[in-house]
Structure formats: C-alpha cells, structure tokens
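The values are calculated or read from the model by the stated rules, or taken from the named source; none is laboratory data. As the structure is a prediction and not an experimental result, all values here were calculated from the model. Here the Cβ positions follow ideal geometry from the backbone for every residue, glycine too, while neighbour counts run over all protein chains shown. To get the accessible areas, we keep the full protein, side chains included, count just its heavy atoms, and leave off ligands, DNA and RNA. Shrake-Rupley method; radii C 1.70, N 1.55, O 1.52, S 1.80 Å.
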Amino acid sequence: QVQLRESGPGLVKPSQTLSLTCTVSGGSITTNSYYWAWIRQPPGKGLEWIGYISDTGSTYYNPSLKSRTSINRDTTKNQFTLQLRSVTTEATAVYYCARDGATLTSLKYWGQGTQVPVSS
C-alpha cells in the first residue's frame, strides 16, 4: 500500500533550479533495500531515468544529468527530493517519483506525476 506523491512549483524559469519533493506513505524510505527514484518524460518522448537514493542514502545519477542533479532525503518526513540546476526548456516534462529497483524496468510503484513547464 505504499503511496508516492510529487509536489513542487508549477513552473520553473530557465536558468533556475527545479526542485521537487516526493512524499511517501505506507512504507519507510530507510528500510527494505529499496531504491527511490526520479524519472521524467518530456512531451512526446519516452521516460528518462534521472537517478535514485537508496534506503541507506546512497545516490546514483544518470551520467547525462549528474553534474546538475542532486537527490536528497528527509527521513523524519519520509520524503526525498530532486534538485535539477540550471534548467533549460528541455527540462520541461512530467516528473515522477517511484520505488523498488535501481533501473526503470524494476520500478513498481509510481506517483501520479507532476507537470513541470520550464518557461519564461
């Protein structure tokens, strides 16, 4: 019964930092060897895996985004976050948080997604 929900600003301006929060209920982000991931889907394109934070706090990022990406967590709130810095309009996408494995195909539980336009 784990549930994930994305939240954040509805629009981000170019050159700014895109910040999102995933709030998790029904399961702890610190147990059971799960990976907690961020994924995005630009308009008309496929899913792009951004990165994860593990149950122990280890992180791993898509190499194409690594230099501008940070995933953190607040265990007291059972939340994990995404920061994507210096965004362009190419970052416009639906952003998802998800749980289970370290790869896209192994992610079983997903939030509903949140649309993030990057526009001036």
Across the chain, how many lysine pairs, 8 or more apart or on two chains, come within less than 23 Å at their alpha-carbon atoms? 5
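Under a Cβ-Cβ cut-off of 15 Å, what is the net charge of the residues other than GLU90 that fall near it, where Lys and Arg count +1 and Asp and Glu count -1?
Values: positive: LYS13, ARG40, LYS45, ARG68, ARG85; negative: GLU48.
Around GLU90, the charge tally is +4.
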Work out, step by step, the length gained on full extension between GLU48 and GLN112: first 0.36 nm times the residue separation, then minus their alpha carbon distance; give nm to one decimal. 21.5 nm
Determine the dipole magnitude for segment 1-71: charges of +1 sit on the beta-carbon of Lys and Arg, -1 on that of Asp and Glu, nothing else is charged, the reference point is the Cα centre, and the result goes in debye to the nearest 20. 260
Gain on full stretching of the segment that runs from SER120 to LYS77 - 0.36 nm per residue minus C-alpha separation: 12.3 nm
Counting other Cβ atoms within 10 Å, keep those with at most 11, restrict to DSSP loop, and tell me which trypsin sites (Lys or Arg not before Pro) in segment 5-76 are left. LYS45
Keeping all protein chains in place, calculate the accessible area per residue for the chain (probe 1.4 angstrom), answer in Å². 51
Ignoring ligands, DNA and RNA, please state the percent of accessible area on the chain from carbon and sulfur, probe 1.4 Å. 45
